[in-house]
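Enquirer: Handing you a structure now.
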Amino acid sequence: MKTIKRGNEIKRVSDKEAIDMVKFGWEYCPKNLFKEGKKNKPVKNLDEEIDSMSDKKKRKLRKENKRKKYESK
């Protein structure tokens with residue numbers, strides 16, 4: 001697996017795909033850029049007000065929502 005980027009878009013692809021994509025303008029980049037991008041994704045299904053919450057409160061809210069989802073089944 002290789003990490004490649006073009007502009008702000010970062011992808012993890014197989015070695016063969018990476019070779020082809022580099023020919024079309026993509027560049028190799030360190031894997032840690034990909035990992036940081038995954039960690040910093042916004043939390044889904046939350047209002048903008050909630051974005052100002054601490055990470056701990058967001059995790060707790062996600063956990064509660066997940067629990068409710070499985071209890072309703």
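Every number in this text was worked out from the coordinates using simple rules, so none of it is lab data. What you see is a predicted model; the values in this text were computed from it and never measured.
Enquirer: With the cut-off at 31 Å, tell me which of the pairs 2/60; 2/63; 31/60; 23/66 have Cα atoms farther apart than that.
Expert: On the way: 2/60 34 Å; 2/63 33 Å; 31/60 29 Å; 23/66 43 Å.
In this structure, 2/60; 2/63; 23/66 exceed 31 Å between Cα atoms.
Enquirer: Limiting things to C-alpha atoms, what are the Rg and the maximum Cα-Cα separation (Dmax) for segment 1-41, in angstroms?
Expert: For segment 1-41, the Cα radius of gyration and maximum Cα-Cα distance read 9.8, 29 Å.
Enquirer: Test of understanding: what is the full-extension gain from residue 52 to residue 22, defined as 0.36 nm times their sequence separation minus their Cα-Cα distance? Could you put the intermediate results ahead of the total?
Expert: Values: separation 30, 0.36 × 30 = 10.80 nm, distance 3.87 nm.
Gain on extension, residue 52 to residue 22, equals 6.9 nm.
Enquirer: Of 5/57; 11/38; 5/38; 35/56, which ones are farther than 22 Å apart at the Cα? Present the calculation step by step, with values, prior to reporting the outcome.
Expert: On the way: 5/57 33 Å; 11/38 11 Å; 5/38 14 Å; 35/56 20 Å.
From 5/57; 11/38; 5/38; 35/56, over 22 Å: 5/57.
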